[in-house]
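The structure under discussion appears below in the form of structure tokens.
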Amino acid sequence: MSTSAKPREQWGSRVGMILAVAGSAVGLGNFLRFPGQAAQNGGGAFMIPYFCALLFLGIPICWAEWTMGKYGGRFGFNSCPAIFGLLGRHKVWRYLGVLGLLIPIMIYTYYVLIESWCLGYAWMYLYGAVDLGSDPNQYAANSTAMFNNFTGANQDGLMLDGKLHISVIVWMIVFALNFFLIYRGITKGIESFCKFAIPLMALCAFAVLIRVLTLGTPNPDKPDLNVLNGLGFMWNPHDKGGGPWYTALGSAQTWLAAAGQIFFSLSVGFGVIVNYASYLRPKDDIVLSGLTASSTNEFFEVCLGGLITIPAAFIFLGAAGASVTGTFDLGFKTLPIVFLYMPGGRIFGFLWFFMLFLAAITSSLSMLQPAIAFLEEGLAIGRRASVALLGMITCLGSLFVIFFSKDLAALGTIDDWVGTVAIVLLATVQVILYSWVFGVRRGYAVAMEGAELGLPRLFNFIIKYVAPAYLIFVLGYWCWNDMPGKIQVLREQQVPFLAICVVLAVLIFLLILIAVAGRRWQAETRDTTAFRTKAFPAEVVS
Ligand code: PFF
């Protein structure tokens, strides 16, 4: 029994579907965020909490999201509010599903902007427009000035001061491209694009990696600055306080950073996997597919993200130059100096930023689809109208971020509250819904349908007990350690406060839409909270 009125959208092929999910996962988080987090939190030592978070949070929650999405898809639902209501059989869950819309929408507003910086930089390298001057002592200052100028980080309103700033034009192009692809739909838009973009991204990444690993000792006067020491600088286990390396493991901050990185990187806790999995067919495998997509992400993150930026910076600039400060410093300010010294730097600069752009666009597409799916199924307004409405909301949000660009304050605030805390909150909601409300036995049965790889039995225990405990620790620690400071900032500074108001306005708007959608589903006897059955899913759906 399928309750959907119109034919369901489905992935065209398994490879395409895995590439789309991997495309969502592999993004700026792998190449810009990961190296910084690892280097700041113990280098090699960071990998212990990192792999624990992968095994006990990332992969289990990822499987739970795939399962919930696939289950919802059978009833013709593709959005978090509908699917959560269906699984939880209560309206509260439908409203909690708002997080699966709010988070991707809000992250999109700033992610698409960074994506456009990448394309802008790639363009500048291609046309030889990157000029850091001829005095090596001024390279760092000039590179920072170029970044600040391009992103408007010096002053609010700079980018929208009447004339069309070049970066605003690039942003418009990238924004339009995202919506063009989303408008084309799951198979013709997202899937076909990922099938070509991901192999191309991998090629660019390998080309840059091979260049970095074959640099040897480019400066004979400084034999210490070589590839091996560059890798050691990044990966030797250490403690940032200067103690023995294992003391890094005693810091809750390290465990928190590792969990945050896993969530952000795997696209877990955003509601996007639930949405993507809802386009599967009943017999499609989710266990192996989920594992393949996650492993692809890990390969890009650890083997490519972890071997390029910091070692390259060390080889040319030494330890001081390779030390990480902000998330964007390494990729956008330090690497342009590295490319200046590197033989063939202009072409490798282009490849690096173009690769970042491809990685980012396959992720940003996945942030738009959950809301499109909701508008289509909740308000029945058709693709054109859904795309227009979402385009308007995200365009206003993005313009807000572009306007309040001084010190990237608006971007940073949304990233802090939505990209860091809200995702852990949504993951907690999902874990409770999956294991305590829907039930791990039912979930297991759904996951195992069509599975080519057995789901380990231990999975039920992890998702029911270990993951919630882990999440509560992460949330609790954040509330205790970070929240007071963040609230103080909201009290004292205008832009962060305004940014939170924007997030709340979008939240309220979405909650109203969910109420309207709920009424429609009820009127159509598709009320997702009314599937009151104790039967196993396989018996409910033929
Ligand atoms: N996983 C992406 C990255 O590593 O850059 C980020 C991301 C993708 C965030 C999809 C949110 C999302 F919905």
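Tabulated values for the structure
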read-out	value
Scan of the stretch 149-168 for residues that are without any contact (Cβ under 8 Å) to a residue 12 or more places away in the chain and either polar (S, T, N, Q) or in contact with a Ser or Thr (Cβ under 9 Å, 6 or more places away or on another chain) (or both), ordered by number	149
Helices (runs of 4 or more DSSP H) lying entirely in the stretch 204-317 (those with 3 or more residues that are touching a Gly at 6+ places or on another chain (Cβ under 9 Å) and more than 18 Å from residue 57 (Cα to Cα))	227-235, 272-277
In the stretch 143-184, the residues that are over 21 Å from residue 122 (Cβ atoms), open to solvent by less than 80 Å² (accessible area, probe 1.4 Å) and touching a Lys or Arg at 6+ places or on another chain (Cβ under 7 Å)	156
Residue within the stretch 212-225 that is under 30 Å from residue 123 (Cβ atoms), open to solvent by 60 Å² or more (accessible area, probe 1.4 Å) and not hydroxyl-bearing (Ser, Thr, Tyr) present	yes
Flag if residue 473 is open to solvent by 40 Å² or more (accessible area, probe 1.4 Å), aromatic (Phe, Trp, Tyr) and either within 21 Å of residue 269 (Cα to Cα) or assigned to a helix (DSSP H, G or I) (or both)	yes
Checklist (1) more than 28 Å from residue 360 (Cα to Cα); (2) free of Cβ contacts under 8 Å to residues at least 60 places away in the same chain applied to residue 51, failing item	(1)
Condition check for residue 268: within 16 Å of the ligand (Cβ to nearest atom), β-branched (Val, Ile, Thr), in contact with a Ser or Thr (Cβ under 8 Å, 6 or more places away or on another chain) and open to solvent by less than 10 Å² (accessible area, probe 1.4 Å)	no
Every residue from the stretch 318-338 that is within 19 Å of residue 222 (Cβ to Cβ), open to solvent by 50 Å² or more (accessible area, probe 1.4 Å) and either in a helix (DSSP H, G or I) or not hydroxyl-bearing (Ser, Thr, Tyr) (or both)	320
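Rundown of residues vs (1) open to solvent by 20 Å² or more (accessible area, probe 1.4 Å); (2) within 14 Å of the ligand (Cβ to nearest atom); (3) polar (S, T, N, Q), yes/no style:
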{"site": "340", "(1), (2), (3)": "yes, no, no"}
{"site": "360", "(1), (2), (3)": "no, yes, no"}
{"site": "366", "(1), (2), (3)": "no, yes, yes"}
{"site": "378", "(1), (2), (3)": "no, no, no"}
{"site": "385", "(1), (2), (3)": "yes, no, no"}
{"site": "391", "(1), (2), (3)": "no, no, no"}
{"site": "406", "(1), (2), (3)": "yes, no, no"}
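Here's the yes/no breakdown for (1) over 18 Å from the mean Cα position of the chain (by Cα); (2) not in a helix (DSSP H, G or I):
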{"site": "18", "(1), (2)": "no, no"}
{"site": "31", "(1), (2)": "no, no"}
{"site": "49", "(1), (2)": "yes, no"}
{"site": "58", "(1), (2)": "no, no"}
{"site": "70", "(1), (2)": "yes, no"}
{"site": "76", "(1), (2)": "yes, yes"}
{"site": "81", "(1), (2)": "yes, no"}
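The values are calculated or read from the model by the stated rules, or taken from the named source; none is laboratory data. All values derive from a computational prediction rather than experimental measurement. Ideal geometry is used to build each Cβ from the backbone, glycine not excepted, and the neighbour counts take in all protein chains shown. The area values use the complete protein model at the heavy-atom level, side chains included, leaving out ligands, DNA and RNA. Shrake-Rupley method; radii C 1.70, N 1.55, O 1.52, S 1.80 Å.
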